1. Output the residue which, of all residues in the stretch 97-131 that are within 9 Å of the ligand (Cβ to nearest atom) and either among the hydroxyl-bearing types (Ser, Thr, Tyr) or part of a loop (DSSP other than H, G, I, E, B) (or both), is surrounded by the most Cβ atoms within 10 Å (Cβ to Cβ).
2. Only one of (1) within 19 Å of the chain's Cα centre (by Cα); (2) crowded, with 20+ Cβ neighbours inside 10 Å; (3) under 29 Å from residue 435 (Cα atoms) fails for residue 220. Which number is that?
3. May I ask you to say which residue of 33, 59, 24, 63 is part of a helix (DSSP H, G or I), within 21 Å of residue 149 (Cβ to Cβ), more than 15 Å from the ligand (Cβ to nearest atom) and modelled with pLDDT of 95 or more?
4. Is at least one residue of the stretch 171-178 assigned to a strand (DSSP E or B), crowded, with 22+ Cβ neighbours inside 10 Å and in contact (Cβ under 8 Å) with a residue 60 or more places away in the chain?
5. Checking the structure you have, find out if any residue of the stretch 281-288 is farther than 23 Å from residue 160 by Cβ and surrounded by 15 or more Cβ atoms within 10 Å (Cβ to Cβ).
6. May I ask you to say which residue of 42, 16, 85 is on the phi > 0 side of the Ramachandran plot, away from the ligand (no atom under 15 Å from the Cβ) and not charged (D, E, K, R)?
7. Return the pair list, or none, for Cβ contacts closer than 8 Å from residues in the stretch 109-129 that are of a type in the set (Ser, Thr, Tyr) to residues that are part of a loop (DSSP other than H, G, I, E, B) and away from the ligand (no atom under 16 Å from the Cβ), at least 6 apart or on different chains.
Amino acid sequence: MSPVPPLDPCDFTVFGGTGDLALRKLLPALYHRDRDGQLADGTRIIGVSRAEVDDDGYRDEVRAALTTFIEAGDWDEAVVDRLLGRLHHVTLDALDPADWPRLHDRLKDGAASDAVVRVFYLAVAPALFGEICQHLEETGLVDERARVVLEKPIGSDLASARAINDAVGRVFDEQQIFRIDHYLGKESVQNLLVTRFANIFLEPLMNSHWVDHVQITVAESLGVGERGGYYDHAGALRDMVQNHLLQLLCLVAMEPPAYVDRETVRDEKLKVLQALRPMTPACVDRDTVAGQYDAGLVDGAAVPSYAEDLGHPGSTTETFVALKTEVQNWRWAGVPFYLRTGKRMDRRVSEIIVVFKDPPHAMFPHSEGSTEANRLHIRVQPDEGMQLHFTAKEPGPGGIRLRPVSLDLNYADTFGRPSPDAYERLLMDVVRGNPTLFMRRDEVEAAWAWVEPILARWTQTPHRPRRYPAGTAGPTAAATLLERDGRSWQENDT
Ligand code: NAP
């Protein structure tokens, strides 16, 4: 493993430091980076919340969380102690101006240097983003080395996204704003760019001449769990499609930039979003499917319906979306991109499957066996990796017998270790000041602009999501979306 040089000392302030995201994802990610020596001496982590808890109380809370979320084999008591030693807690109601001097005093008192990088990670409801940024500025905590990290959801439509971006943008320059889509921190997602653009064999095929269609699936077997309150106002389109699925689509479809820097990749992704076929009302009716899970069986266990999970019937929020779109440019015109995402599905998987066309001429018409379309299958999670499916001759005498086979790249096996969590990479990029893997304002707004007509159409028409039993692949209409084009979802394509 290559050595990881420490980054500049940093004051890493997490608004929402006692929340689920901080305890389950951010602090474990910082633990792993600290273990690898990436947090410089003098780096501090300051949790902010309204809880009346002192530094020691917060350290106890974080230790308990680390015990839960760090694998036993990764546990290093000395690193835990070092990380806990970096921790502080500031009790502060972000909405109460009287509380803010506490944060100011804590950050000014004992900072490693005046030039320390200040990260403000907003792991709180987006309704607080604007006000927190304003107070940060008024409290004198924003300078050119300050960065703000915004968690999703950035708005619930284009207007609210713009309002958040305006409010944050009044205080921070765009290059200081890091909008997280944790999918972009996943190794397999970054490797998609490397596979496409650091190799010669694939890229000449990635266009409408050779690609039949592309499928992107992000399926969860879990239900809404504790997030029902938020989720019922969001739904799968806002929660997943507007960000994660469209970002994956961008990386599959984008043109190669001349070089990789903080803007070029994002410029190319933006062009993809701007080239998506607009969702007219007729397109929405024809090319989108909304679903909601019913009671069913997941991994052999009975699970309740969405309405039961939520605690009240009658919700028309979709827990499943399937849709068909097209990137209307020279490279991709005519190639359908099918996207689907859902909760309580039959498996947990995030994957991109590029399905190639059949060979132009069947040279082995009298052969036995079977053939399948060539496919490039990128597994984002679990078991990050990549498979190339093609046809081979089955060994043996007596004529040619064809068999579908696959070349399988499993990251953990190939590189001898599991991939780090996406947050590890992204948090260090924030400290480094590298926004390449973060969403720029124009990307977020372009994604909302594309999604919004779907939301609008669904509210204009009597919209009831189609029911699907938990533990299945979604409503049958999602299968029909492809079947009417003579295609089908590639289920369990391993
Ligand atoms: P959570 O568990 O409810 O935690 C919210 C945190 O914010 C708590 O620490 C809470 O502490 C603090 N907080 C709330 N109001 C505050 C105020 N006025 N001033 C200061 N602190 C305040 O929520 P979460 O799951 O961590 O999610 C946080 C945000 O990240 C949400 O917008 C969520 O949509 C987003 N997100 C979460 C996840 C995830 O996996 N959890 C993933 C992606 C995005 P006090 O109540 O003690 O103040």
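1. Result: 123.
2. The one condition residue 220 does not meet is (2).
3. One residue alone meets the criteria, 33.
4. Just the residues of the stretch 171-178 that are assigned to a strand (DSSP E or B), to begin with: 177-178.
With the extra rule that they be crowded, with 22+ Cβ neighbours inside 10 Å, the set shrinks to 178.
Keeping just the survivors that are in contact (Cβ under 8 Å) with a residue 60 or more places away in the chain gives 178.
Checked the stretch 171-178: at least one residue is assigned to a strand (DSSP E or B), crowded, with 22+ Cβ neighbours inside 10 Å and in contact (Cβ under 8 Å) with a residue 60 or more places away in the chain.
5. So the first thing to find is which residues in the stretch 281-288 are farther than 23 Å from residue 160 by Cβ, and the list is 282-283, 285-287.
Of the ones still in play, those that are also surrounded by 15 or more Cβ atoms within 10 Å (Cβ to Cβ) are 283, 287.
So far as the stretch 281-288 goes, yes, one or more of its residues are farther than 23 Å from residue 160 by Cβ and surrounded by 15 or more Cβ atoms within 10 Å (Cβ to Cβ).
6. Testing whether each residue is on the phi > 0 side of the Ramachandran plot, away from the ligand (no atom under 15 Å from the Cβ) and not charged (D, E, K, R) leaves just 42.
7. If the second residue must be part of a loop (DSSP other than H, G, I, E, B) and away from the ligand (no atom under 16 Å from the Cβ), the pairs left are 113/9; 113/42.
Residue by residue, here is whether (1) part of a strand (DSSP E or B); (2) under 18 Å from residue 326 (Cα atoms); (3) at pLDDT 95 or above holds:
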residue: 190; (1), (2), (3): no, no, no
residue: 193; (1), (2), (3): no, no, no
residue: 201; (1), (2), (3): no, no, no
residue: 208; (1), (2), (3): no, yes, yes
residue: 216; (1), (2), (3): yes, yes, yes
residue: 227; (1), (2), (3): no, no, no
residue: 230; (1), (2), (3): no, no, no
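The values are calculated or read from the model by the stated rules, or taken from the named source; none is laboratory data. Everything numeric in this text was worked out from a predicted model, so none of it was measured. Here Cβ is always computed from backbone atoms with ideal geometry, including for glycine, and neighbour counts include all displayed protein chains.
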